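Enquirer: First the structure, which I've put down as structure tokens, then a few questions once you've had a look.
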Amino acid sequence: MDIEPRDYDCPNDILRNRIILITGASDGIGRALALEAARLGAQVILHGRNVAKLEKVYDAIEALGSAPRPSIVVMDLATADSGAYQSLADSLAAEFGRLDGLVLNAGILGDRFSIEQYDPSQWQQVMHVNVTSAFVLTQLCLPLLQQSEDASVIFTSSGVGRQGRAFWGAYAVSKFATEGLSQVLADEHRHSSLRVNCVNPGATRTDMRLAAYPAEDRDELKRPEDILPAYVYLLGPDSKGVTGESFDAQ
Ligand code: NAP
């Protein structure tokens, strides 16, 4: 590969005419990516669970002036039942007819306890939001992704999803599972135009990072808007044929 994704110099309009669904677009990295994708010409579908926060992102995209008008889809990944997922997929099919990008970004940290002390119901919730919901949403979106000539799926990993670390519990295990889900899906589609990859954002100045490292100096961390080139590269045409990989955004 000639291009290093994290150093990708995002050309203006590179995402023009692409329809991209981003989960967890109400805050943090998802919010920053939604704004950047819209700035680069994508029609962005903003997913989250908090309407007021999503509307602020919508307004920020509208304020860019030239970006395509985004859409909002509201669904709590912790509580949605199969009917809610199906009606989301049905409404995406009816409104858009295809998806060119799907970014599975939403996630929760959960408790930071040892395995010995980890609460099983908390474990289930973290695995559900971080892995199972991404699986179900991806499965339901596959027909729409296959309507695109050049679709890209991005799963969100973490350093603790590649090397286990004490007290990272279900979060770390969910990120290992995410890497696995990404690899399996990529392999299943290796003869198609659909590409599937993982991105590890690295330490980034968001609420989740603050919850994990409350004593850390936030000013030392990259901001969400600083780590986006790898995502844009994978969503845009320059990454055609790149699949089954796991990248570091920093
Ligand atoms: P964040 O600021 O906490 O944002 C998480 C996003 O996920 C928010 O939009 C949040 O919605 C949404 N979300 C959480 N639970 C949800 C649910 N049940 N239903 C719907 N939406 C839900 O976190 P972030 O740091 O940007 O993290 C984004 C991704 O990067 C995550 O997958 C995380 O594991 C990964 N990551 C982050 C770092 C880092 O240093 N920040 C490092 C490695 C990996 P609300 O706004 O409603 O809360």
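Enquirer: Exposure proxy check: T178, T138 ranked by fewest other beta carbons within 10 Å?
Expert: With the fewest neighbours first, T178, T138 line up as T138, T178.
Enquirer: Pick from P70, P201, P214: which residue has the top mean-square fluctuation in a GNM of the chain where Cα pairs under 10 Å get a spring?
Expert: P214
Enquirer: To the nearest 0.05, how large is the calculated FRET efficiency for Q117 and K56 if R₀ is 35 Å and r is the Cβ-Cβ distance?
Expert: My answer for the efficiency is 0.40.
Enquirer: Using the Cα centre of the chain as the reference point, and only Cβ charges (+1 on K/R, -1 on D/E), how large is the resulting charge dipole? Debye, rounded to the nearest 20.
Expert: It works out to roughly 160 debye.
Enquirer: Let me make sure I get this right: for the chain, a, b and c are the square roots of the gyration tensor eigenvalues over alpha carbons, sorted descending. Under 1.5 in a/c it's rounded, otherwise prolate if a/b > b/c, else oblate. Which is it?
Expert: Here the chain falls in the rounded category.
Enquirer: With runs of 4+ DSSP H residues as the only contributors, calculate the mean residue ellipticity of the chain at 222 nm using -39,500 (n - 2.57) per run, divided by the residue total and rounded to the nearest 500.
Expert: Estimated from H runs of four or more residues: -11500 deg cm²/dmol.
Enquirer: Then there's this: Could you name the lysines whose alpha carbon sits less than 26 Å from that of K56, not counting residues in the same chain fewer than 8 places away?
Expert: K222
Enquirer: How would you classify segment 112-241 from its alpha-carbon gyration tensor, with a ≥ b ≥ c the square roots of the eigenvalues: rounded for a/c under 1.5, else prolate if a/b is greater than b/c, otherwise oblate?
Expert: In terms of gyration-tensor shape, oblate.
Enquirer: A further question follows. Ranked by Cβ crowding within 10 angstrom, fewest neighbours first, how are S26, S148 ordered?
Expert: Arranged by neighbour count, lowest to highest, S26, S148 become S148, S26.
Enquirer: Select from segment 36-106 those GluC sites (Glu not before Pro) which occupy a DSSP coil region and have at most 16 other Cβ atoms within 10 Å, ordered by residue number.
Expert: none
Enquirer: Still on this model: Just subtract the alpha-carbon distance of S91 and A212 from 0.36 nm times their residue separation and send over the number in nm, one decimal.
Expert: Length gained, S91 through A212: 40.0 nm.
Enquirer: Continuing with the same structure: Within segment 176-238, report the GluC sites (Glu not before Pro) that DSSP leaves as loop and that have at most 16 other Cβ atoms within 10 Å.
Expert: E216
Enquirer: Compute the angle between helix 82-95 and the longest alpha-carbon principal axis of the chain, please, reported from 0 to 90 degrees and rounded to the nearest 10.
Expert: 20 degrees
Enquirer: Turning to a different aspect of this structure: How far is the Cα center of segment 1-48 from the Cα center of segment 168-242, in Å?
Expert: Rounded to whole Å, the Cα centres lie 13 Å apart.
Enquirer: Which of the trypsin sites (Lys or Arg not before Pro) found in segment 193-250 are loop residues per DSSP with 16 or fewer other Cβ atoms within 10 Å of their Cβ?
Expert: The qualifying sites are K240.
No value in this document is a laboratory result; all are computed from the given coordinates. Since the model is a prediction, treat every value here as computed from it, not as a measurement. No Cβ is skipped: glycine too gets one built from the backbone with ideal geometry, and neighbour counts run over all protein chains shown.
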